[in-house]
Amino acid sequence: MSNDQRVTVRRRSEMISLASLTTPSRWSLVISLRIRLACARAAAKVAPEWGRVWLATVWVSLAEHLAFHQRREEAALAARTAVRCWLLLHRRRPDRHQARLAHALGVLADRLGDIGADEEALAAAERAVELVQDHPAADAVVLATTRHALSLAYARAGRPDDAMTTIEEAVALLRPVEVDGARVVRLTPSSRPALAAVLTRFGEFLAGRGRYEEALAAYGEAVVTYQWLFRRGRWRYTVPYLGAQGERARQLGALGRYAEALEQVARPLAYFQLMAGAYPAQYRCVQAALLADVAEWRGALGQHDEALDGADLAVALFRRECETQPARAEAGLAFALRCLAVQLRALNRPAEAVVVLEEALVIRRRLAANSSGHLAPLASLLTELADTFWAMNKRGPSIRLTAERVAVDRQLVLDPRTGPEEGSRMLARDLYLLGVRRRAMGQLEDASQALEEAVDRLRDLVAGLVSGVEITGGSDPGQGPTGRSGVAAIAANPDDQALLADGLEELAHVYDARGYLVEAFIAIDESTAIRDRLVFAPRS
């Protein structure tokens, strides 16, 4: 048998295994845990010493498996019970059960975060790390899993830098290391799930910062690790395995590698489509989100008819879920509606696209009013709708939406998840666009205000000053980047100079129309000087 034939046989066997998990027998593991729980309760009464340890262990396992199956409320309740059991044991034998209590607290933090109890989750995660920080009996897996839980709690609490630092520590604890030229593997086969879970979270944080290449590598490593478990019969990791593969496809899409993304997403989409048929409450939103992603990638490849059908189906699925679990489905519905509108615009149906975008905008505004995490998607949607109106020659609505986008940008500048540099850059760009559109409508005074602020912000970016952060352009290779107030410096972006030149040119036209000829000459001279410097920049 050739290598290609072996690969084909292996893939077919894996697909058969996946298909078998869509039957009710898939829940046999949870059912067996329920049986073990009943036995452990009986054992705790008969033999309290080891029976209570068994009972606490089963509660932790049950919480994790219920979470795998998206039964979040039940998982949180099981985790609370597990922590109570371990606390009782820890009070009697603190030297023996401290590491296990920390693990249970980490599981509780994850489950509380799933149901939105962010403050309680952060407290539980911090307590877990505190317990094992200097505990000699804690192994690398316990140290990493507690940090994993803490990083997720930090992220949900709006502390992205702390979240990234903590997850990097968790990855470093579990990855193989080089010792005297040899790779030392710290994990046992039974501990690989911890590495896969940490890598998946690491990839999520990297993607959130736009570091898609690094996120792709992290997700790829997680997929390989989950695949190792899956091929050895550890089928209970099927959901996170294919979830990581789906996220890997999303990173390929974010990098513009749409054909590869479509190839990678085919298997996760087929699996979650089957699962959604049997368990819609748990998996229909996952299926719909993947369908929306596929529609976006097909549209980018020019397959607009197929993309339109996929986006339409994703919208229909999300609408159905909004009736029963709106908190989970509304953001997905807004994203799917935006994907549908993009395809409608590409097929020269802008009026229908406007209707769809306005529905999505209502949802995004409501979500952003309750959580700053929805501000960035709201800003993107405002830009999409403003551009659509402008292309339809509906200038008034387009300018109003662009002004609203500027207002959202002002909030994003203060959001730690965006950062002062990127937030200031977005605000400057949208102020420039607002000024251009107001000038086209003859609103010269308003256009002048917007363009002047845009130019001021772009000058700060080019000069290396953003919200008190000094940006160094690297003029001295021997000197590392430094910043005021202990903040690391950021390298200046050449695109900022090009946009500054455009903004000065637009501002010169506005000054000229208002009769400010001296100011117009100064602005156009500065714009020309910047363009000359960009075109004739000396080679390194």
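Looking at this structure, is residue 288 open to solvent by less than 40 Å² (accessible area, probe 1.4 Å), under 17 Å from residue 345 (Cα atoms) and within 22 Å of the chain's Cα centre (by Cα)? For residue 288, the condition - open to solvent by less than 40 Å² (accessible area, probe 1.4 Å), under 17 Å from residue 345 (Cα atoms) and within 22 Å of the chain's Cα centre (by Cα) - is not met. Can you go through 424, 485 and tell me which one is in a helix (DSSP H, G or I), open to solvent by 40 Å² or more (accessible area, probe 1.4 Å), modelled with pLDDT under 90 and polar (S, T, N, Q)? Every option except 485 fails the conditions.
Candidates 355, 342: the one that is under 21 Å from residue 384 (Cα atoms) and free of Cβ contacts under 8 Å to residues at least 24 places away in the same chain is 355. Within segment 506-526, restricting attention to residues that are out of contact with any Lys or Arg (no Cβ under 6 Å at 6 or more places or on another chain) and of a type in the set (Val, Ile, Thr), which residue is nearest to residue 432 (Cα to Cα)? Filtering segment 506-526 for residues that are out of contact with any Lys or Arg (no Cβ under 6 Å at 6 or more places or on another chain) and of a type in the set (Val, Ile, Thr), the one nearest to residue 432 (Cα to Cα) comes out as 524. Being assigned to a loop (DSSP other than H, G, I, E, B), of a type in the set (Gly, Ala, Ser) and either modelled with pLDDT of 90 or more or open to solvent by 80 Å² or more (accessible area, probe 1.4 Å) (or both) is the requirement here; does residue 475 meet it? Judged against the criteria, residue 475 is a match.
Mind checking which residues of segment 445-463 are over 36 Å from the mean Cα position of the chain (by Cα) and either among the charged types (D, E, K, R) or surrounded by fewer than 16 Cβ atoms within 10 Å (Cβ to Cβ) (or both)?
445, 446
The helices (runs of 4 or more DSSP H) located wholly in segment 311-405 that include 2 or more residues which are more than 22 Å from residue 450 (Cβ to Cβ), acidic (Asp, Glu) and open to solvent by 60 Å² or more (accessible area, probe 1.4 Å) occupy 350-370.
Would you please name the residue that is nearest to the chain's Cα centre (by Cα), looking only at residues in segment 54-88 that are farther than 21 Å from residue 194 by Cα and crowded, with 21+ Cβ neighbours inside 10 Å? Out of the qualifying residues, it is 85.
Residues in segment 219-268 that are in a helix (DSSP H, G or I), free of Cβ contacts under 8 Å to residues at least 12 places away in the same chain and small (Gly, Ala, Ser): 266 alone. The set of residues in segment 499-540 being under 37 Å from the mean Cα position of the chain (by Cα) and at pLDDT 90 or above consists of 499, 500, 501, 502, 503, 504, 506. A Cβ distance below 9 Å, combined with a sequence gap of six or more or placement on separate chains, defines the contacts here; from segment 153-168, residues that are over 10 Å from residue 118 (Cβ atoms) and touching a residue at least 60 places away in the same chain (Cβ under 8 Å) reach residues that are open to solvent by 20 Å² or more (accessible area, probe 1.4 Å) and of a type in the set (Lys, Arg) in the pairs 160/209; 160/417. Here residue 22 meets each of (1) closer than 30 Å to residue 271 by Cβ; (2) hydroxyl-bearing (Ser, Thr, Tyr); (3) modelled with pLDDT of 80 or more with one exception, condition (3). Filter segment 292-310 down to the residues that are open to solvent by 40 Å² or more (accessible area, probe 1.4 Å) and in a helix (DSSP H, G or I) and list them by number. Correct list: 296, 298, 300, 304, 305, 306, 309.
The values are calculated or read from the model by the stated rules, or taken from the named source; none is laboratory data. Please read these numbers as outputs of a predicted model, since none were measured by experiment. Here Cβ is always computed from backbone atoms with ideal geometry, including for glycine, and neighbour counts include all displayed protein chains. Calculation scope for accessible area: heavy atoms of the full protein, side chains included, ligands and nucleic acids excluded. Shrake-Rupley method; radii C 1.70, N 1.55, O 1.52, S 1.80 Å.
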